[in-house]
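Working notes for the structure below.
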Amino acid sequence: MIVPFPVLAAIEVYIFFVVFGNISKIKFNKSEMFFAFLLMVLFSSALFLYVVPVWDIAAIFTHAIYIIVMGLIANRKTNVLSLSVLFGSLSSVVFLLAGYITGVLLVLVFGSEYNDNEIYLNYFLPFTSYIIIAFILSFFTSRWTGRFIHKRLCQFDGELKKKLSEYLLLGASITLLLFFVKVFLHDILVYAALLNTVYGLSLALYFAFLVIAISSFTDSFRKETELRHKDEMLKNLKDYTVNVENMATEMRKFRHDHQNLLLGFRNHIESGNIEKAKEYFQGYMSSFNESVEIMDSQLETLKYLKIPELKSILSFKILYAQQLGIKIHVEVTEEIEGIDIYELVDLCRIVGILIDNAIEAAQETENPDLRFMVMRKDSKITFVFTNNFLSSPSQAEIFKKNFSTKGEGRGMGLYTVSQIINRNGNLLLSTRVMDGIFVQELSVMLLL
Amino acid sequence: MLKVFVCEDNVEQREIIEKCIANYILIEDLNMKVVCSTGSPNDILTYFQNDSKVVGLYFLDIDLECDINGIQLAIEIRKHDPRGFIVFVTADADSHLLTFRYKVEAMDYIVKGDINIKENICECIRNAYSLYTAKTTPLQNNFVFNISRHNTIALERSEILYLETSQDFPHSILVHTENVTHQFRGNLSKAASELGEPFFRCHRSIIVNIKKIARLDSEKLQLTLKDGTVVVLADKYVKKVKTLMDKLSSS
């Protein structure tokens, strides 16, 4: 034997690392990597040499271990277990598939004696050609797979992403299972070259089918999300309408009361009873403040906002804050319109997140103070959110927590904001802490 | 001379404000004068036609009984007098607080009916006058980031502490200045080459302003900035950063 097992295992683990890195797009730290590498090499060489001498069956166990180890390491960065395991099993699929295709290719080129594991281990040329071809194949396949997966997954976040990666994991697991079924069949049917080739081809076909399935699956997934988003918007708008109608009713009642009051006044004044009039007036004033409070729901200020999508989300958030007992001041002093329809989806998401953060932070204080403004300046529309807060995060800290560490569910949604800004050059977000008030300004360019 | 304008449609209120201003100018002997006290915003706008280089202190009522309100008037004023000091006089400041500050960059506001209204007016005059006389228009050294074709942001170079991106979002730049953090789409390599000295890319994801470094920790590979922020430093740039810092402190 020209190649000792540990070297073979090391090469294998190295290729697996490259594949995993390409698919997960996670940069690992060196010490973590080193230990994982050592562990995996030791395990697989021990397994091959002492425990399970049958090549293909040992491969099942080594891959199981690879997936577990890499999944655990990846999980520290992604925090979504199904996603981490998905990366691991996809790597296995790519790795095995590349090995398989290489085997088939070599058999086609050099003849059927290459269909034997022994030949690869005992002769230099078959060994190196196998390694080189398998490496190149797995490198490019994994890169492409990684891009594909990330492009698909980054459209979603939070629960949806988790759900989607669970489905994908199921697909990958089935693929792996098929591989291993083949392993057992292989042992039973003993080196049937033709069967091997046919099986390999059908696996490749299956893989292609899986890719198409994932594409259409994520597409319909996205459409569903959009539909749900639209439904929500419609609901918000309905709430808004109901509230405006209530306000109108309230206003009418107020006017009616007012008229009655004035009539009462006139009676008292005409009869010359100033004391009575005074009493009457004071009695009215105490109830006056209350009725004004009801009408002061700030929704009316949104009338200048001529973009229904934004109006919907803002009115919803304003009502939500008011339900929580938080006073919110809304300032829209000029007509706001003309935002590009393509910007609106991103914009609505960011606005929702920023306002949620503001509500959350202000809620902790004794006297929540929330303010919101939209204005037009130069060729930009700027949204300003301010809120007071209890524990003062320094500017740098806010971003440290949410910007440079990965992981959803960390509370503030700024991860999503960064994600959107990362691809949308029409936005600008400025954050500051000024006189104990947290201020966020979001500008969006008007396309002229 | 700092010119004072008052625009308030309630005659009684206007007289109170005007008198208060005149008294204060007289007592403190300031180089100021009330040049226009009116109930109609048009009077102020016509004033600009005769005197285009005016720097003024404006006391504006919000609810003017006219076709434009105080905020719109302020926006018009800004077009003629970008350096001027605007103070709003209002009964309900709460409903326009952000508009004052961000839309028209007003200096302050005064609440009508406040018992301390006179003191507040004097305070505004004092602030405006000291800002007006202080001839500190610092040398502007703006750096303009072109975020996209139309979207730009101009930042003062000397205020920038550092710029960063993250692994997850390599195209999203955070620019940290002393007071504000700006986030937008951009390219760090491009920014590094355009910013030039005294900025230095000390890490794959960090560009630091050498002038803002307080301490260099070559063991932990950290830079402590003057505001206390700690940023990482790549191994290979330790020496380079040291020499840049020395060069800066010696010059």
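The values are calculated or read from the model by the stated rules, or taken from the named source; none is laboratory data. Keep in mind that this is a model prediction, so the values were computed, not measured. Note that each Cβ is placed from the backbone with ideal geometry, even for glycine, and that neighbours are counted across all protein chains shown.
Values computed for the structure shown
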| item | result |
| --- | --- |
| Residue check, B:Asn151 at pLDDT below 85 and either more than 30 Å from A:Lys151 (Cβ to Cβ) or of a type in the set (Lys, Arg) (or both) | no |
| Number of positions in the range A:235-258 that are touching a residue at least 60 places away in the same chain (Cβ under 8 Å) and among the aliphatic types (A, V, I, L, M) | 1 |
| Single residue of A:Lys162, A:Lys77, A:Lys151 found to be at pLDDT below 80, part of a helix (DSSP H, G or I), surrounded by fewer than 16 Cβ atoms within 10 Å (Cβ to Cβ) and not polar (S, T, N, Q) | A:Lys151 |
| A:Leu72 crowded, with 16+ Cβ neighbours inside 10 Å and without any contact (Cβ under 8 Å) to a residue 24 or more places away in the chain | no |
| Lone unmet requirement of (1) more than 8 Å from every other protein chain (Cβ to nearest Cβ); (2) more than 24 Å from B:Asn151 (Cα to Cα); (3) in contact with a strand residue (DSSP E or B) (Cβ under 7 Å, 6 or more places away or on another chain); (4) modelled with pLDDT of 85 or more for A:Asp356 | (3) |
| Top-ranked residue of the range B:138-159 - restricted to ones that are without any contact (Cβ under 8 Å) to a residue 40 or more places away in the chain and among the small types (Gly, Ala, Ser), ranked as surrounded by the most Cβ atoms within 10 Å (Cβ to Cβ) | B:Ser148 |
| For A:Phe28: the one exception among (1) at pLDDT below 80; (2) hydrophobic (A, V, I, L, M, F, W, C); (3) more than 29 Å from A:Leu164 (Cβ to Cβ) | (3) |
| Complete set of residues in the range B:64-73 that are of a type outside the set (Val, Ile, Thr) and at pLDDT 80 or above | B:Asn69, B:Gly70, B:Gln72, B:Leu73 |
| Test result for A:Val198, surrounded by 14 or more Cβ atoms within 10 Å (Cβ to Cβ), at pLDDT below 75 and in a helix (DSSP H, G or I) | no |
| Subset of the range B:160-198 (residues that are more than 12 Å from chain A (Cβ to nearest Cβ) and free of Cβ contacts under 8 Å to residues at least 40 places away in the same chain) | B:Leu188, B:Ser189, B:Lys190, B:Ala192, B:Ser193, B:Gly196, B:Glu197 |
| Residues satisfying the stated conditions in the range B:50-108, i.e. hydroxyl-bearing (Ser, Thr, Tyr) and more than 10 Å from chain A (Cβ to nearest Cβ) | B:Ser52, B:Tyr58, B:Thr90 |
| Selected residue (only one of A:Val384, A:Val439 is farther than 20 Å from B:Asp168 by Cβ and either facing chain B (nearest Cβ under 7 Å) or modelled with pLDDT under 80 (or both)) | A:Val384 |
| Any hit, the range A:338-346, residues being within 21 Å of B:Thr99 (Cβ to Cβ) and either at pLDDT 85 or above or touching a Gly at 6+ places or on another chain (Cβ under 6 Å) (or both) | no |
| Any pair with Cβ under 6 angstrom, 6 or more apart, that starts in the range A:326-339 at a residue that is at positive phi and more than 8 Å from chain B (Cβ to nearest Cβ) and ends at one that is assigned to a loop (DSSP other than H, G, I, E, B) and among the hydrophobic types (A, V, I, L, M, F, W, C) | A:Gly338/A:Leu446 |
| Criterion violated by A:Phe372 - all others in (1) more than 27 Å from the chain's Cα centre (by Cα); (2) modelled with pLDDT of 85 or more; (3) within 8 Å of chain B (Cβ to nearest Cβ) satisfied | (1) |
| Residue that is modelled with the lowest pLDDT, among those in the range A:114-129 that are over 20 Å from A:Ile57 (Cβ atoms) and in contact with a helix residue (DSSP H, G or I) (Cβ under 6 Å, 6 or more places away or on another chain) | A:Tyr114 |
